[in-house]
Amino acid sequence: MDDGLRDRWLQEAQRRMARAGMRAGAARTTVVALLARDGQCLVSAQEITSRLAGGAAGSAASVYRALEDLHTLGLLHRVYDDDGIARFEIADPAGRHHHFVDEQTGAIEPFVDPRLEEAIAATGRRLGIELTGHEVTLRGRRR
Ligand SMILES: [Zn+2]
């Protein structure tokens, strides 16, 4: 994810939070800053909390609330992993990407594939669906 996108996301996040009348609470501000800085794929509230350990964001519960607020504002994608844990990442409407989960290491890597996007759009048309979103997760191991 490029720096320009993260800068634009940060500005948009500040605009939407202000418009929604959300106070610039410590947890929310810190979480937004961390997401914009790292731009990492699919992080959990627990991972963010431990990355902020000793910082101003407070408990895992307040980090989770901040993530839910940002998801409600359309600023984050939320995906549940196999263990039912919510994972979040910056919503990226322009450069839509999907994920490869390496089952040997547990690493999550982003990928983009324009032909896959075309195929999904065509399937939506064929089924008479107005698509509002989709997620694709590939699982496996590196050859
Ligand atoms: Zn991602």
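Brief remarks on what is shown
- Relative contact order %, the chain, counting alpha carbon pairs below 8 Å whose residues are six or more apart: 19 percent
- Relative to the dominant Cα principal axis of the chain, helix 114-126 is inclined by about 70°.
- Using only side-chain charges placed at the Cβ, +1 for Lys and Arg and -1 for Asp and Glu, the dipole size of the chain relative to its Cα centre rounds to 320 debye.
- Over the residues of the chain, the helix contribution to mean residue ellipticity at 222 nm works out to -14000 deg cm²/dmol, using -39500 (n - 2.57) for each DSSP H run of at least 4.
- Nearest-ten-degree value, helix 60-72 long axis tilted from longest Cα axis of the chain: 50 degrees
- Taking the fewest neighbouring Cβ atoms within 10 Å as the starting point, the ordered list for Leu34, Leu5 is Leu5, Leu34.
- Kirkwood Rh, angstrom, the chain [1 / mean 1/r, Cα pairs]: 16.5 Å
- Sparse packing (at most 16 other Cβ atoms within 10 Å of the Cβ) combined with a DSSP loop state is found for the following GluC sites (Glu not before Pro) in segment 101-143: Glu103, Glu130, Glu135.
- In this rough spin-label picture, where each label sits 7 Å from Cα along the Cβ direction, the Asp113-Arg15 distance is 3.3 nm.
- Choice from Ala36, Ala107, Ala61 with maximal GNM fluctuation in the chain (Cα, 10 Å cutoff): Ala107
- Using a Gaussian network model of the chain in which every pair of alpha carbons under 10 angstrom is joined by a spring, one finds that among Gln40, Gln14, Gln104 the greatest mean-square fluctuation is at Gln104.
- Against the chain, whose longest principal axis is taken from its Cα atoms, helix 26-38 shows a tilt of about 40°.
- Shape category assigned to segment 26-81 from the gyration tensor of Cα positions, a/c cut at 1.5: rounded
Values in this text are rule-based calculations from the coordinates and carry no lab data. Bear in mind that the values here come from a model prediction, so they are computed numbers and not experimental data. Using ideal geometry, Cβ is built from the backbone for each residue, glycine included, and neighbour counts are taken over all protein chains shown.
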